[in-house]
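The values are calculated or read from the model by the stated rules, or taken from the named source; none is laboratory data. This structure is a prediction, so every number in the text was calculated from the model and none was measured. When we count neighbours, we look across all protein chains shown, and the Cβ atoms used for this are built from the backbone with ideal geometry, even at glycine. Calculation scope for accessible area: heavy atoms of the full protein, side chains included, ligands and nucleic acids excluded. Shrake-Rupley method; radii C 1.70, N 1.55, O 1.52, S 1.80 Å.
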Amino acid sequence: MDKSTVTDGSTISKKISFPDNELMRSLCGEQNTHIGLLEKKIGVSLNLRGNVVLLQGGDWEVELAEKVLNQLYGLLEADYPLYPNDVEYAIRILSGDRSANLKEIFKDEVYVSSRKKTITPKTINQKKYIDSIKKFDIVFGIGPAGTGKTYLAMAMAVSSLMKKEVNRVVLARPAVEAGEHLGFLPGDLYEKVNPYLRPLYDALHDMMPFENASGLLEQGVIEVAPLAFMRGRTLNDSFVILDEAQNATPEQMKMFLTRLGFSSKAVITGDVTQTDLPKGKISGLIEAKEILEGIKGIGFVYFSREDVIRHRLVQKIIDAYEKIDRLKVA
């Protein structure tokens with residue numbers, strides 16, 4: 001890729017050329033959508049002349065835009081399908097860490113039996129999370145909603161099952177009453193707790209066709225259960241996920257962690273700012289973090305608002321609530 005730079009006071013102009021015209025069109029996006037995103041998110045002017053991009057703006061902005069363009073082009077050369085969301089994630093990643101390698105992050109594919117596109121990490125912390133799950137037998141993923149904690153853990157679990165690295169997948173969640181009493185809900189115990197487990201079913205069905213997931217659930221190869229049902233069990237050759245772990249009591253957390261048997265892996269996810277436990281009750285996730293962090297063989301990955309991959313307004317909502325919480329503390 002050829003480059004040339006011209007400096008005029010505080011404004012910098014830089015030309016970058018890309019040799020492959022087909023990849024150049026993909027880089028720009030349909031109706032130059034990707035170029036528009038770069039201009040809006042970074043605050044730089046981009047003009048296209050054939051296979052040449054002219055960047056104009058401040059030094060920091062031009063340097064960032066150049067890095068994003070070059071790395072996105074490298075992804076396209078590696079046969080990675082580029083979407084507008086990928087451009088936004090790339091800007092976010094390289095804004096925080098200019099040395100980040102998008103190819104190492106975006107091309108770390110998680111194989112699942114899915115009709116959809118391959119599941120890949122979209123942030124540096126998501127990449128660390130996947131790497132930690134591969135490396136450690138117990139991993140804690142802690143951070144706000146929308147950061148992919150549960151979804152990626154589920155993808156890794158399904159992937160391990162499909163590769164026959166484990167014999168079963170166990171998905172657990174505390175059935176905490178958040179404003180609604182279990183006793184008032186209709187049905188037997190399983191029907192009462194089922195609404196609390198719905199998000200796990202949703203994620204599972206997003207990974208594989210409904211028929212496949214239903215068959216594995218009926219066979220007990222994949223099990224979705226309330227955390228309380230884990231007591232007294234030993235889970236061998238299993239991939240176990242505890243979701244919404246901030247709502248587990250210290251006793252439940254200890255019980256869960258000691259269920260792990262031979263050739264098994266556990267991932268514990270939660271958001272310590274979203275506890276639904278009764279007032280004055282300590283969260284088992286918070287206590288586990290204090291007790292277990294630093295123990296060799298246990299991984300901790302912390303997510304922030306920068307890792308939110310839901311609707312762009314979710315980041316702003318998290319910021320607004322964090323601001324209120326800081327004012328309350330002050």
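Residues that are within 20 Å of Ser132 (Cα to Cα): find the strands (runs of 3 or more DSSP E) completely inside the stretch 212-330 holding 3 or more of those.
238-242, 265-270, 298-302
For the stretch 275-289, does any single residue satisfy the condition of being modelled with pLDDT under 95, of a type in the set (A, V, I, L, M, F, W, C) and within 18 Å of the chain's Cα centre (by Cα)?
no
Within the stretch 301-330, can you find the residues that are open to solvent by less than 70 Å² (accessible area, probe 1.4 Å) and at pLDDT 80 or above?
Val301, Phe303, Ser304, Arg305, Asp307, Val308, Ala320
Does Arg98 count as of a type in the set (Lys, Arg) and either assigned to a loop (DSSP other than H, G, I, E, B) or free of Cβ contacts under 8 Å to residues at least 40 places away in the same chain (or both)?
Yes: the conditions hold for Arg98.
Across the stretch 250-282, which residue is nearest to Asp137 (Cα to Cα) among those that are buried (at least 18 other Cβ atoms within 10 Å of the Cβ) and free of Cβ contacts under 8 Å to residues at least 60 places away in the same chain?
By that ranking, first place goes to Arg259.
Need pairs with beta-carbon distance below 7 Å; first residue closer than 19 Å to Leu152 by Cβ and at pLDDT 85 or above and within the stretch 197-214, second assigned to a helix (DSSP H, G or I) and of a type outside the set (A, V, I, L, M, F, W, C); sequence gap 6+ or separate chains.
Every condition considered, the pairs that remain are Ala213/His205.
Okay, residues lined up against (1) open to solvent by 70 Å² or more (accessible area, probe 1.4 Å); (2) among the acidic types (Asp, Glu); (3) touching a residue at least 12 places away in the same chain (Cβ under 8 Å):
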site: Pro19; (1), (2), (3): yes, no, yes
site: Leu23; (1), (2), (3): no, no, yes
site: Ile42; (1), (2), (3): no, no, yes
site: Glu66; (1), (2), (3): no, yes, yes
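Assess whether Leu82 counts as being within 21 Å of Leu46 (Cα to Cα) and either modelled with pLDDT of 95 or more or touching a Phe, Trp or Tyr at 6+ places or on another chain (Cβ under 6 Å) (or both).
It is false that Leu82 is within 21 Å of Leu46 (Cα to Cα) and either modelled with pLDDT of 95 or more or touching a Phe, Trp or Tyr at 6+ places or on another chain (Cβ under 6 Å) (or both).
Would a scan of the stretch 248-263 turn up a residue that is small (Gly, Ala, Ser), under 24 Å from Ala145 (Cβ atoms) and at pLDDT below 95?
yes
Can you name the residue in the stretch 128-151 that is modelled with pLDDT of 95 or more, in contact with a helix residue (DSSP H, G or I) (Cβ under 7 Å, 6 or more places away or on another chain) and part of a helix (DSSP H, G or I) and is also surrounded by the most Cβ atoms within 10 Å (Cβ to Cβ) among such residues?
Per the stated criteria, the residue is Tyr129.
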